[in-house]
Structure formats: C-alpha cells, structure tokens
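Structure first, then comments.
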Amino acid sequence: MVCHATELLLFCFLCQTFGQRLNNVYKKTQGIRAQSTNVNLFHSPTLEDCLIHCELNSATCKSLNFKESDGTCEALPGHNEATSVDSDWVFLILQAKSSCADWKNKQLQSPSGTYIVDPDGPGGVTPFPVECDMATTPPTVRVNHNQITRKHIVGYEDPNFYEHQLVYNGVTNPQLRALATASSTCRQYVKKECYNACTFYYGTKCDFWTTLEGEQLEYWAGNGTTVTRGCACALSDTCALGEPCNCDANDNRWRTDEGYLTAKEHLPISAVMIGDTGKSVEQVYITVGPLECTP
Ligand SMILES: [Ca+2]
C-alpha cells in the first residue's frame, strides 16, 4: 500500500486511544453546558467522536459541549467558561498548545499563521495569539509590535530623549516573559541608521534600550556578555574609527549598526531611547524586528 504523508499522519492521529486523546483535554466538567452565540452543531455517537471532530477542526473548535443521550456535539470557538448547570451535558476545554512546534507536531494540518499558545501550560498566564512560521525547523514563534516599520527620528538632542516605545500585539508582559522563559532561543533584530548621531559619546550613552522589567541595557548585538556596551561591529572589532559603534564615527556620512539581540532573559525590547538628533545635520532611522523564539 502506498500512503501519502497526510494519510499516514491521519492514521497515526486516529490511532490515538481515547485515553491518549484525553491528554489533549485541559478540563472536563460533567453536568455543565457552555453558552456561546457561535456554536457549530454536529451529531456524534460518542464523546470520542465529538472530540475527534473538534481536534480536526481546531481553528474553529477550542471547547465543546456533548449530550450523550442523543449524541449532540456542539463545537465552540473559544475557551468559553460561561456555563450553565445541565445534567444531560458534559463540557470539555481543549488543551492549548505550548508552542508553534507543539501545534505542528499534534495537528493534522498546520500552515504558517496565527495560533494560540500557552508556553507555561495550565495555570500561570492565559493562552495568547502568536504568529507561527512553520517553514523553519523547528517552527518559529513571532510576536509583532506596533513599531515594525522603520522610523525616522529627528529633533531630540538630549541623550535618550526620544522614547521608541513598543507595544506587542495582544500580548501582555507576563505572557511575553513566559514565552521567553519557556523557549530555548529568542532573538530580536535592531538596526540604527545614523547621520552624525552617536550611540555613545566619549563613553556617555546617547541611546539605550529597556527590558520589560525596566532594566537599561547598552549592548546592541549578541547576548550582552562579550560586549556589554557596544554594537555588532564591536563583537568583531571592526567598528569605524575604533569606536564602540559605527554611529560614533560622527563623520558627516551615513553609518549603520545592526544585529540580533540574543539574551532571552532580556527580551523582548520594551523601548529604545535615542538622542543626539537635535541639530539640522543629525538624523536617525531605527528599525526593531519582532520577538522570534524557538522551543
Ligand atoms: Ca498558562
């Protein structure tokens, strides 16, 4: 017999015993029916069939009501906990996956896109949406923010005067911290294009960035151990004029510093503070990428 990969995956998926399948259930409550305005109604002879149906349609089924007496299976689109007492029904909440890789491993189909993850499992932070890039190995979690577009900064002369604040889309600080803690690697891209605008000025910081917890940091690439104050060029000892960053050359030409921050305990960036753009000959463009993590 020649099997396509999808058929094999479906076969393995359906081979799970009901007991194994119940491992994917976060909560099961007898005598409860959840209320929802958006219910997909099916007929299932057993609770297991209802659960399989929900797992195969996980984009639209996060929890379910099942009525054993007539095999009514109600697939609900959320983790709806607004319930009413009804002895004929059982209510199940499906386990949220911990990461994009977890989704790819456990789902029949998992194209790149938005998924709900719960990096610290049941309890702790509530599940939240991330972008999953399933084309990488392992799949990459991306959390975008409101400043993804390259930003032009002029008119802020004092050190650290302009605050480039990042707001991560639909994700709270505790959820971001839980994601970074549960991941084995995280990184975030930062690029500064500058014209006569310093990053350090005779050792004084013109710019710095902050963690979610408010810690002020002055390394712009790597994990902050080899170079604690400086840019990617300092890691390779190739900065213009031997300064800590190319932008400190301050020599009437456009310079660039760029790199990935890789210390997950410091990520993601909460804000970038920038100065030295007050004079007419001074400009900065700043670019900060999304938080990217792998399990
Ligand atoms: Ca959790």
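The values are calculated or read from the model by the stated rules, or taken from the named source; none is laboratory data. Here the structure is a predicted model, which means the values were calculated and not measured. Positions of Cβ are backbone-derived with ideal geometry, glycine not excepted, and every protein chain shown enters the neighbour counts.
List of remarks:
- Among residues of the stretch 127-146 that are without any contact (Cβ under 8 Å) to a residue 24 or more places away in the chain, those with a beta-carbon under 6 Å from a residue that is of a type outside the set (Gly, Ala, Ser) at least six positions away or on a different chain give the pairs ASN146/VAL167.
- Entry remark, the stretch 198-232: residues being within 19 Å of GLU157 (Cα to Cα) and assigned to a loop (DSSP other than H, G, I, E, B) number 6 in total.
- Boolean, PRO119 is under 24 Å from THR287 (Cα atoms) and either of a type in the set (S, T, N, Q) or within 16 Å of the ligand (Cβ to nearest atom) (or both): no
- Selected residue (only one of GLY203, GLY230, GLY155 is at positive phi, touching a residue at least 40 places away in the same chain (Cβ under 8 Å) and more than 16 Å from the ligand (Cβ to nearest atom)): GLY155
- Residue match in the stretch 168-175 (condition: under 30 Å from VAL281 (Cα atoms), more than 16 Å from the ligand (Cβ to nearest atom) and buried (at least 20 other Cβ atoms within 10 Å of the Cβ)): no
- Residue count for the stretch 146-156, restricted to those that are surrounded by 13 or more Cβ atoms within 10 Å (Cβ to Cβ) and either under 20 Å from the mean Cα position of the chain (by Cα) or modelled with pLDDT under 95 (or both): 3
- Taken over the stretch 122-152, residues that are within 16 Å of the ligand (Cβ to nearest atom), out of contact with any Cys (no Cβ under 9 Å at 6 or more places or on another chain) and part of a strand (DSSP E or B) amount to 2.
Condition check ((1) among the aliphatic types (A, V, I, L, M); (2) outside any loop (DSSP other than H, G, I, E, B); (3) under 13 Å from GLY230 (Cα atoms); (4) touching a helix residue (DSSP H, G or I) at 6+ places or on another chain (Cβ under 7 Å)) across all residues:
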site: PRO244; (1), (2), (3), (4): no, no, yes, yes
site: ASP248; (1), (2), (3), (4): no, yes, yes, no
site: ARG255; (1), (2), (3), (4): no, yes, no, yes
site: GLU258; (1), (2), (3), (4): no, yes, yes, yes
site: LYS264; (1), (2), (3), (4): no, no, no, yes
site: LEU267; (1), (2), (3), (4): yes, no, no, yes
site: MET273; (1), (2), (3), (4): yes, yes, no, no
site: THR277; (1), (2), (3), (4): no, no, no, no
site: SER280; (1), (2), (3), (4): no, no, no, no
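- Filtered by the rule that a residue be touching a residue at least 40 places away in the same chain (Cβ under 8 Å) and more than 14 Å from VAL272 (Cβ to Cβ), the stretch 233-245 gives GLU243, PRO244.
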